[in-house]
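Working notes, beginning with the structure itself.
The values are calculated or read from the model by the stated rules, or taken from the named source; none is laboratory data. The structure presented is a predicted model; accordingly, all values stated were derived computationally and were not measured. Every residue, glycine among them, receives a Cβ derived from its backbone with ideal geometry; neighbour counts consider all protein chains shown.
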Amino acid sequence: MTKFIGIRHEDKYAMERRAPLTPEHVKKLTDQEKLDIVVQTSDKRIFTDKEYREAGAKISSDLKNCDVIFGVKEIPDDFFEPKKTYVFFSHVIKGQSYNMPMLKRMMELKCNLIEYEKVVDEQDNRLIFFGRYAGLAGLINSLWSLGLRLKDYGFDTEFTNLKQAKDYDSLKEAKEAISDVGRAIAEKGIPSELRPFVVAFTGYGNVSQGAQEILSWLPVKEITPEKLLTLHDRKKLPDNLIYKVVFKEEDMVERVDGQPFELQDYYTHPENYRSKFEQYLPSVSMLINCVYWDPKYPRLVTKKAVKKLFASGRPKLTVIGDISIDVEGSVECALKPATIERPIYIYDPETETISDGHDKEGLLLMAVDILPAELPRDASESFGDVLINFVKSIAETDFSRSYDNLNLPRAIKKGLILLNGELTPDYKYLEKYTN
């Protein structure tokens, strides 16, 4: 019997234009793998219905006939149907309270759930991700935000020539614009009042690497966290360089008892550690937060630390690009996720409140939580290039079998959260959240 594979339209965010598989991927799956694919119609997706139809897909207003459905973001509770297989970013693995009703609905309907975030190799490295594009778009937006904020401060810098990531037709166009800024900085320098200009990155994974890739289009010199604390005499420093600092775990936290830092011990017993990141904040011009964070870990930028920064006037720290965007998480003053339509807001350390835009007093945060959607075509193509390798095996799997007897690729099996509505062995811990 034919199994129809569905690609749903995205409806969680107005500006979500990504797709898990592009028309090019669909053409390969229909021509080479002889799979039947149904694409839910969408008037906002970056790829048109016509492109999918010409690639061999059927276009439909719903996916009622599909056994396996691929999406990107969370799916509304009323979309699910009994005993079907859904593959998407469910955001449930931390027990997120706002998505527990969705998970429970899938359990009631005996659905299968495969979570992209947990599709990993033998070393637990993620295989299917948008992280690099979150970093790329996040740094583009942060540089654009920087230009706006510096202009508020009276500095008409080259950064004012940049646009928000969504306003570029492609990553290539953004690269050309930022490279032009880089050439201008190399020739004209940076205003002395802003020197040394330091961009700090927390984290070093896919997200951070994407963000650093954008910064590499500017004249950059990388220094260590220790060196950062010695950059004081601006007269002795080059006027046409941006300094980059990448912080790893051992740079950001320390043991409470003074014993040496051990990475695995930090992951296992984070309660034994505290943040030491605050000491660097006065020396940073722009902070790009790319860390994975969980409430069990120390915060890196607290409200108290930000208030202290502003106590003696306007600080050096001008923009925080919170790409990770855990609300009141590693950056405690990130009070809400921003949208693509309203990507930035100002945090007032005195009142601990925020206001959209960039022209109030306080600290500017860029905190969009679907950043890859600002580069929808490039991000979808990269994502689908990996996902396509697993589509046929997922479509042909008999999910009526027991977990131990499932004929799924090992990486996909690691991402299987629900099997016929039951939590699989690695995800039994979620029972306490669903209850």
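Based on what the data block shows, is L136 closer than 30 Å to Y204 by Cβ, in contact (Cβ under 8 Å) with a residue 40 or more places away in the chain and surrounded by fewer than 22 Cβ atoms within 10 Å (Cβ to Cβ)? So L136 does not fit the description; no. The single condition among (1) under 18 Å from W144 (Cα atoms); (2) in contact with a strand residue (DSSP E or B) (Cβ under 8 Å, 6 or more places away or on another chain); (3) touching a residue at least 60 places away in the same chain (Cβ under 8 Å) that D322 does not meet is (3).
So how many residues does the range 1-44 have that are basic (K, R) and touching a residue at least 40 places away in the same chain (Cβ under 8 Å)?
Keep residues of the range 1-44 that are basic (K, R), which gives 3, 8, 12, 17-18, 27-28, 34, 44.
Restricting the remaining residues to those that are touching a residue at least 40 places away in the same chain (Cβ under 8 Å) gives 3, 8, 12, 17-18, 28.
Of the residues in that region, 6 qualify.
Here is a check on your reading of the model: is D67 modelled with pLDDT of 95 or more, closer than 25 Å to K104 by Cα, charged (D, E, K, R) and not assigned by TED's automatic domain parsing to the domain that holds D369?
On the way: modelled with pLDDT of 95 or more: yes; closer than 25 Å to K104 by Cα: yes; charged (D, E, K, R): yes; not assigned by TED's automatic domain parsing to the domain that holds D369: yes.
When the stated conditions are applied, D67 passes them.
Look at (1) touching a residue at least 24 places away in the same chain (Cβ under 8 Å); (2) in a helix (DSSP H, G or I); (3) among the charged types (D, E, K, R) and you find that E222 fails only one, number (2). State whether one or more residues within the range 290-304 are at pLDDT 95 or above, within 16 Å of the chain's Cα centre (by Cα) and closer than 25 Å to A14 by Cα. Yes: the range 290-304 contains one or more residues that are at pLDDT 95 or above, within 16 Å of the chain's Cα centre (by Cα) and closer than 25 Å to A14 by Cα. Within the range 339-366, residues that are within 13 Å of D152 (Cβ to Cβ) reach partners that are crowded, with 20+ Cβ neighbours inside 10 Å and of a type in the set (S, T, N, Q) with beta carbons closer than 9 Å, at six or more positions or on different chains, in the pairs I344/N141; I344/S145; H358/S145; L363/T318; L364/S145; L364/T318.
Of everything listed in (1) in a loop (DSSP other than H, G, I, E, B); (2) more than 25 Å from the chain's Cα centre (by Cα); (3) within 25 Å of D169 (Cβ to Cβ), the single unmet condition for K64 is (3).
May I ask you to verify whether Y266 is more than 28 Å from P191 (Cβ to Cβ) and either in contact with a His (Cβ under 7 Å, 6 or more places away or on another chain) or of a type in the set (F, W, Y) (or both)? Outline the logic, then answer.
Working: more than 28 Å from P191 (Cβ to Cβ): yes; either in contact with a His (Cβ under 7 Å, 6 or more places away or on another chain) or of a type in the set (F, W, Y) (or both): yes.
Yes: the conditions hold for Y266.
Per the conditions (1) exposed (fewer than 15 other Cβ atoms within 10 Å of the Cβ); (2) more than 29 Å from S324 (Cβ to Cβ), the sole criterion not satisfied by V39 is (1). Within the range 406-417, not a single residue is within 16 Å of the chain's Cα centre (by Cα) and crowded, with 16+ Cβ neighbours inside 10 Å. Checked against the criterion of being out of contact with any helix residue (DSSP H, G or I) (no Cβ under 7 Å at 6 or more places or on another chain), loosely packed, with under 14 Cβ neighbours inside 10 Å and either farther than 30 Å from K110 by Cβ or of a type in the set (F, W, Y) (or both), the candidates E381, E396, E431, E361 yield just one match: E361.
Can you run down the residue pairs with Cβ atoms below 8 Å, 6 or more apart or on separate chains, where the first is in the range 409-429 and on the phi > 0 side of the Ramachandran plot and modelled with pLDDT of 95 or more and the partner is of a type in the set (D, E, K, R) and part of a helix (DSSP H, G or I)? These pairs meet every condition: G421/E108. Take D265 and decide whether it is free of Cβ contacts under 8 Å to residues at least 12 places away in the same chain, among the charged types (D, E, K, R), surrounded by 13 or more Cβ atoms within 10 Å (Cβ to Cβ) and touching a strand residue (DSSP E or B) at 6+ places or on another chain (Cβ under 9 Å). Yes, satisfied. Filtering the range 179-213 to residues that are hydrophobic (A, V, I, L, M, F, W, C), in a helix (DSSP H, G or I) and surrounded by fewer than 23 Cβ atoms within 10 Å (Cβ to Cβ) leaves V181, A184, I185, A186, L194.
Okay, residues lined up against (1) in a helix (DSSP H, G or I); (2) assigned by TED's automatic domain parsing to the domain that holds I394; (3) of a type in the set (A, V, I, L, M); (4) farther than 23 Å from L419 by Cα:
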residue: K28; (1), (2), (3), (4): yes, yes, no, yes
residue: F47; (1), (2), (3), (4): no, yes, no, yes
residue: G56; (1), (2), (3), (4): no, yes, no, yes
residue: I59; (1), (2), (3), (4): no, yes, yes, yes
residue: K73; (1), (2), (3), (4): no, yes, no, no
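Restricted to the range 334-378, the set of strands (runs of 3 or more DSSP E) holding at least 1 residues that are of a type in the set (G, A, S) and modelled with pLDDT under 95 is empty. The set of residues from the range 116-132 being over 17 Å from F88 (Cα atoms) and either touching a helix residue (DSSP H, G or I) at 6+ places or on another chain (Cβ under 7 Å) or among the aromatic types (F, W, Y) (or both) comprises D121, R132. For S97, the conditions (1) small (G, A, S); (2) surrounded by fewer than 17 Cβ atoms within 10 Å (Cβ to Cβ); (3) touching a Leu at 6+ places or on another chain (Cβ under 6 Å) are fulfilled apart from (3). Under the condition of being closer than 19 Å to Y86 by Cα, assigned to a loop (DSSP other than H, G, I, E, B) and charged (D, E, K, R), the residues counted in the range 30-45 number 0.
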